[in-house]
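Values quoted throughout were computed directly from the atomic coordinates according to the rules given, and no laboratory measurement underlies them. Owing to the predicted nature of the structure, the values given are computational and were not obtained by experimental measurement. Note that each Cβ is placed from the backbone with ideal geometry, even for glycine, and that neighbours are counted across all protein chains shown.
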Amino acid sequence: MYAYNLFKVQNWLSIMVKEKILEREPEKPTKYDYGAGGIPFVGCVLIGTGVGMAINNIAVGSLIGTGVGFLVMAMFRVAERKKKSLIK
């Protein structure tokens, strides 16, 4: 009996969630579009930390990875802006 009531509550909740999702307004575009630059940034920081561990100086490796990550993120943003300007 308990499992049946739990199933009814779960079914009711899923219906309510679906209704709320359908009622929601579409998200408005924001002024700032950061794109996918954050993923390579984190990757560069992790690689830099790994290199720092290999040379027994984690701080230096992390700082180098952070610097390279910011440069890669900037390159991604420039490429996205060029792509958007070509599309328009």
### Length gained when the stretch Lys84-Ile39 is fully extended (0.36 nm per residue, less Cα-Cα span)
14.2 nm
#### Entry: Segment Met75-Asn56, length gained on full extension (0.36 nm per residue, minus Cα span)
3.9 nm
### Query
Across all directions of projection, what mean area in square nanometres is found for the Cα convex hull of the range 37-88?
3.1 nm²
### Message
I need the peptides 44-50, 71-77 ranked by packing, meaning the mean over residues of other C-beta atoms within 10 angstrom, with the highest value on top.
### Response
44-50, 71-77
